[in-house]
1. Amide H neighbours of Leu157 under 5 Å, at least 5 residues apart or on other chains, H built in the peptide plane: list them.
2. Measuring from label point to label point, each 7 Å out along Cα→Cβ, what is the Ala252 to Asp629 span in nm?
3. Along the charge dipole of region 23-157, which of Val134, Gly89, Asn63 sits closest to the positive end, that is, farthest toward it, with unit charges on the beta carbon of Lys, Arg, Asp and Glu (+1, +1, -1, -1)?
4. Got the relative contact order for region 431-492 handy, in percent, Cα pairs under 8 Å and 6 or more residues apart?
5. Could you pull out which residues in region 112-133 have an amide N less than 17 Å from a spot 7 Å beyond the Cα of Asp45, following the Cα-Cβ vector?
6. Can you compute 3J(HN,Hα) from phi for each residue in region 36-49, using the Karplus curve 6.51 cos²θ - 1.76 cosθ + 1.60 with θ = phi - 60°, rounded to whole Hz and x for Gly and Pro?
7. Hey, got the dipole for region 668-725? About the Cα centre, +1 on K and R Cβ, -1 on D and E Cβ, debye to the nearest 20?
8. Mind checking the full-extension length gain between Lys204 and Arg529? Use 0.36 nm per residue of separation minus the Cα-Cα distance, one decimal, nm.
Amino acid sequence: MTAGLINFSIIVSLVTDKFQQFRSARDRGFDSLKVKRHVLICSDDPSWMLEIISQNQKFVKENRVVIISPFDEHPLIATSYKNLRWVSGDSFDLNVLRKAQASKAKIAYVFFKDNSYALMTVLQLETLSNGKIVTQAQYVGGEFRKYFEDVGCDHALDPYDLYVPMMLQSFHSQGAPAWIRNVVHRSFGNRICSRKPQAVHVGKTWIEYVKLMKKQFGIMPLAIVIDEVVLINPECLFEITENSTLMQLEPADDRVKGDLEMNAIDISGMDEIGIDGHILISSDNQIFIDRCLNEMSKRKQSEKIVVLSDNPKLESIPKNLDVNWIEGDSNSEKLFLYEARTKAKVALIDHLDDGRNLMSVLRLEQATDGEVFTISTYHKEDFDEQLFKVGCDFCLEPEELIAPILSQSALNPGLGTFIEEIISQEPSTQSLYVRQLSQEWHAESWFSTIADLKEKEEKLAVGLIQSQTHKLIVNPHPDLIVNPGDRLIYIAPVLVATQKNGYELDPLSEIDSSIKEIKPSPEAEKYFRKGLRLLKSDGDFEDAYRCFHQAAIQNHTRAKYNLGLMNFNGKGVPKNLDESYHWFREAAKSGNENARKALKSSRALKEIKLNASDEEIPEFNTDLIGKMDEDQLFWFASAVVAMVMVDEHIDLHERSFLHSAIRLLEDNKKIQELEECILRWEIPSVEPVVFNVKDMDHILESLLNIATIDREFDKREEKLFRKIANLMGVAENKIENLIKIGHKRVEQFRANQLRAPNVRARL
């Protein structure tokens with residue numbers, strides 16, 4: 001009996017010890033968990049964890065949240081989330097990840113104060129789950145984005161890339177940041193969702209789909225995602241395919257067809273800002289100042305900028321900005337009184353301490369009698385109320401902005417890319433703008449406004465600011481009346497959006513505005529899609545340019561437009577306004593409205609001087625071309641390309657010959673070979689070939705015409721012409737006579753100050 005009691009006591013003791021060990025391991029975050037399809041939060045910042053948790057309440061209620069952190073106790077022990085499951089250790093440690101069942105997780109949110117920790121964590125998560133887990137990471141430092149993308153991160157976000165452009169946009173497009181913030185937070189009855197198209201919608205054009213969804217359901221389509229490429233505000237004739245995903249702004253369940261003013265947001269403080277005065281930056285955050293200056297440099301803003309900072313002057317300030325750096329206490333009353341005398345129109349305020357933000361706003365408002373437009377960040381919950389009380393015009397909390405975007409991006413792929421793009425002002429992107437309607441505007445419904453703006457200007461209206469009430473409506477009801485003086489919030493290409501200050505280089509009256517955009521071939525569309533993927537997902541501008549070029553020469557209209565943008569901005573190729581103009585022109589002729597407007601809006605294009613009207617692309621004699629075999633066609637195309645490129649300059653007329661020659665070919669490999677020569681500026685080789693005498697005469701006449709069309713016939717062109725003629729077996733005396741004719745033609749052109757009268761190549 002005694003022995004039995006002893007044995008029982010031993011068993012109880014062992015069980016108790018094991019239970020205590022289990023509890024101790026659990027409380028210290030050392031135990032292995034049994035969970036799947038859960039959310040992982042990997043971070044060393046408890047405040048950031050709370051923001052992420054607040055956006056994932058569904059997973060919290062289902063007990064499907066696991067925290068990994070390097071702390072010795074539960075990171076949220078002092079909060080209501082102290083019972084959430086937790087694993088202690090380094091999140092890039094495979095053993096720690098296995099304890100947290102990382103391979104079975106659905107989503108992982110990653111942020112560490114050290115970017116390398118976050119990067120290693122994402123790498124381990126992607127490796128452990130074979131890329132099945134959706135990874136969302138936050139970092140600081142633009143150079144890290146590529147690293148996160150390289151290790152497979154689904155979406156990596158630098159908060160400065162969001163809130164700095166939003167602060168700048170808040171005084172250039174009043175109301176636009178408020179629209180973004182409220183869409184992201186879903187706080188006013190709207191949410192951005194990603195949906196697969198229904199069978200009845202496949203094959204519809206974008207404008208048809210927009211009209212249908214807005215009229216019937218109050219849903220506002222925003223973008224199409226194809227192969228991880230986000231196409232924001234596609235052109236009207238873009239067709240919806242079954243493999244695409246539609247990103248759209250949807251009303252909440254209790255709202256029918258959108259908002260009829262009941263959920264409008266008061267933005268009465270966001271009045272128009274005068275054009276006089278400079279921009280003031282008051283901050284002790286060196287990263288913030290640097291990002292502001294770089295962003296303004298990219299936007300090519302001409303304003304004078306004054307920086308008040310506790311930190312020493314930056315080593316590198318963009319040369320195209322006029323910056324006056326004042327080192328000292330950024331909250332100094334003396335400095336702010338100085339700013340009052342110099343009349344700042346806008347102040348950007350960002351301090352790590354909310355108290356300093358508050359004092360900066362207060363001193364500025366007092367010193368300027370409230371005339372300066374103050375924009376400030378804050379970090380404590382509800383501190384925006386304090387800022388508004390002292391006169392702040394616009395404020396935002398970076399942490400509160402990031403968490404919803406990361407969380408929603410996990411469930412709606414492409415959302416993060418969408419938000420980042422519409423707040424940027426990078427050339428070739430779609431951005432968010434505000435335009436006030438003139439008094440001549442005829443009041444009409446929101447639905448009619450959407451349709452007209454999209455069909456006539458390729459702009460996508462997404463919100464409205466009412467002039468009488470100063471209220472912002474995020475997704476108006478289709479029947480809501482739009483009145484003169486109201487302000488439209490819309491998405492449009494960056495290049496097009498500047499048209500009011502643009503320059504019309506060449507009237508487009510000779511182009512039929514009724515021309516509809518040409519539907520591309522499947523092969524051209526394939527090249528175009530590949531180019532988009534390389535451009536947006538990989539940032540590979542050179543290869544993207546090659547893909548667009550392949551699509552463009554097969555008459556893909558949007559590819560032509562993209563080539564115009566890339567040449568204009570020097571992306572993938574050296575900046576070339578002549579080439580930019582050519583491709584914009586080609587796209588406009590094919591019915592692309594954005595290209596038409598780009599020609600009218602781009603100031604820089606005025607540098608191009610056209611000495612004659614733009615002629616049609618040369619066409620070659622179809623009878624003679626028809627007699628040529630594949631090798632002869634390739635030879636002739638190579639000869640034309642070589643003759644155009646040999647003098648290391650291509651003008652508009654020469655380019656016409658270039659593109660016409662390439663279009664003679666059908667073999668994609670040969671087309672690509674010549675395209676590679678053009679892109680790399682390599683003269684294609686020309687081999688011996690046999691033609692009859694009559695055909696040779698026509699070919700040499702055409703090559704001579706090409707060589708002299710720019711009113712030049714230099715030694716390089718003469719040498720190449722002689723070489724080609726020799727390869728064709730032409731007698732030496734005949735070659736000399738042709739060269740003399742070439743020089744006489746140039747003299748005549750120069751004497752008459754004319755271009756070659758015959759731009760058309762004759763065979």
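1. Answer set, sorted by chain and number: Ala137, Gln138, Tyr139.
2. 7.5 nm
3. Final value for the positive-end residue is Asn63.
4. 52 percent
5. 112-122
6. With the stated coefficients, region 36-49 comes to 8, 6, 10, 9, 9, 10, 10, 6, 10, 10, x, 4, 5, 4 Hz.
7. Computed charge dipole of region 668-725: roughly 140 debye.
8. 115.1 nm
Any read-out appearing in this document is the output of simple, stated calculations on the displayed coordinates, not a laboratory observation. A quick note: this is a predicted structure, and the numbers were derived from the prediction, not measured. All Cβ positions, glycine included, derive from the backbone under ideal geometry; neighbour counts span all protein chains shown.
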